[in-house]
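What follows is calculated from the coordinates using simple rules that are stated; it is not laboratory data. Just so it is clear, the structure is predicted and the values come from calculations on it, not from any experiment. Glycine gets a Cβ as well: all are built from the backbone with ideal geometry, and neighbour counts include every protein chain shown.
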Amino acid sequence: MDDFYSVRDVPTEPLQTNSKLITTSPFFNQEDYILFIVAGKMLKAFNLIEKISELELPEQALQIMPYLFNRCNALLIAYSTFVAVYIPSGQNIMEASRYNCQLPKVNTKEQEIFNQFKNCEATAQDTAQMLEVISQEQKLSSLAQRFLSLPNPPEDQPQHPQDGETNLGINRARLLDGVQQFKDKITALAVIDCSDNTLNTLTGRCIVIGTENSVFQILKSDLSEPQVTLILDEYQSPISIQMEGVIGESKSKNDEISINTNVQTINTTSNQSWRATILTQQGSILSIRNNQISANKIETDSIPRATFRIGKSIFMVTNSPFPAQLQRVSVRGRIDMQYALPSPFISQIPVNIELGKPFIGFMLILAQNKVVFCAENGPTKFLQIDSKSQLNSCFIGRFGINDTVFVHHFESGRVQYKLLKKSANLTVESQQKQQMKAPVLDVESIDRNDSRFQPLPIAEQVSIFRQFLPSRAAARNAVLGEILSKTSSGVQQKILQMDFIVQCSIEGQGPMFSVVVEIKNVSKNIIAPSICSIVSQVLVADKAAIMIPTLCVNGKSTSVFLLKMTGGPQGAEIEGHEIQVEVGDDGQRALWTGVISVPGFIY
């Protein structure tokens, strides 16, 4: 905690809030940052000393963040079906503009049919038949498609939509419960800087929203209308959106906007240079760059709880395998790094610190009052918050005129903050980072300058390699697992009193691949520590087998095991996976069992 000082309580009664409802903004003064907290339906504003303003909101907010409206500081608040911008009025807060999220492409015919159903003029079955008729003429909206996919309401339930939400399950009638107008629900919110079409002058910010019906929109800065609209795949509603870059805001309301539903792209007349990274409800990670959805969609076995992109790396938090993992993956989904989190994951908050040592990344709030800061290369600082109450949410950003503040909100409702020292450096790795790494193996603790720890001469490597080839004893239970089964990476193996690593990497393009096998023997009791690296070539056809040699153990011959790969068309992606192996001697006595981690690759 050396980077922070002066713990203070925010002057307020106990509040119930979360990380998405805490922010700071130079709202009333260009240089004086104010702390905003939403609790229930109340928006509260604090300076360093006291509460200075509050406003009753129309409903419970989903998220708040700083905004620029007409080139002035403002506050953006997202609700269930609309977003609103608030501006200062003296020492008070007032709403300046609002945008309602309309359901995508719900045409007049569909609305008439749904209104008949809501007014009890048609049954659920009649409504479905009418929708099927118009589907022959035009593509139905996502709402109509979902309506057709649901069953009719049971006989013991209301047969038509009710004015309020009933929570009686999901069917055709319950889908429209509480729907007064055909509005879409907001599931994700972000902002992006915007400029004039020359991209030379920043003019403000644009709101980015994701909705329940899988719509991605970028609104004009004045909230008058969307300037970008993309329809994502069905059931791919965004749950988080991260924006990078600057979008060129078009001035004309007659911008050419066209959607090609086959390739899921949109064309506009605006100059733009931006990227969106989206985590969807189904656990997919999508990328949109300059209005075009990337064909490279990252799918994972376990649904990520949170994601954050820095450069070409994407960090994601998963709960499977247990315990929770922080993984860094490439844009193609290959796992480059992973750490086991020291306690269960609660939430993730972006961090962009300008004072002191600049830091761009994110922080993870974990159970047991632990906080982990992460930058491009992975975890850096680890903090243990001293409190008897569980840490519920956090925020870090500018506060006052010259300070950066670290806000803590606890389950008890207490809110406190710490000030960041000017000399603070969150980019320096702390010693606790090692706790998240895999156990250090003997081979990693040996001094590489040790004379015993040198690569074997090539001639000796070739000689050892040839000794493996005539081995007649096949490995018992040679390879268990499937090529596309993806589990956590890492290498774990034991052999009596000897530890060694077997790593296999596959690189190349097209049908030809270079297979590199590195075997590290670190036993001090059997033979001298050494490294044996062998490079071979293999042609990938429909099926291929790669021979993986092992070290000779205590002078005894060992079995050779095979890595079997299932072939595929050129360009197909094979996910990273692990293979369990067991190696035996001539008497089929098990000498070693373990796991080989094979990275993902492309045919």
request  = Provide His408, His160 in ascending order of the number of other Cβ atoms located within 10 Å of each residue's Cβ, fewest first.
outcome  = His160, His408
inquiry  = From zero outward in steps of 10 Å, how is the percent of C-alpha pairs of the range 108-181 spread across the bins?
reply    = 20, 58, 20, 1
Cα Rg, Dmax (largest Cα-Cα span) when computed across the range 185-232, Å = 11.5, 35
request  = Show me 202-212, 143-153 ranked by packing, highest mean number of other Cβ atoms within 10 Å first.
outcome  = 202-212, 143-153
Packing-based exposure ordering (other Cβ within 10 Å, fewest first) of Lys297, Lys370 = Lys297, Lys370
inquiry  = Given Cβ point charges of +1 (Lys, Arg) and -1 (Asp, Glu) and nothing else, what value in debye, to the nearest 20, does the dipole of the range 7-54 about its Cα centre take?
reply    = 220
Cross-link pairs beyond the 28 Å C-alpha cut-off, checked among Lys41/Lys118; Lys20/Lys421; Lys44/Lys388; Lys20/Lys109 = Lys41/Lys118; Lys20/Lys109
task = Would you calculate the volume per residue, in Å³, of the smallest convex hull containing every Cα atom of the range 37-132?
result = 143
request  = Treat the count of other C-beta atoms within 10 Å as a stand-in for reagent exposure and order Met316, Met337 from fewest to most.
outcome  = Met337, Met316
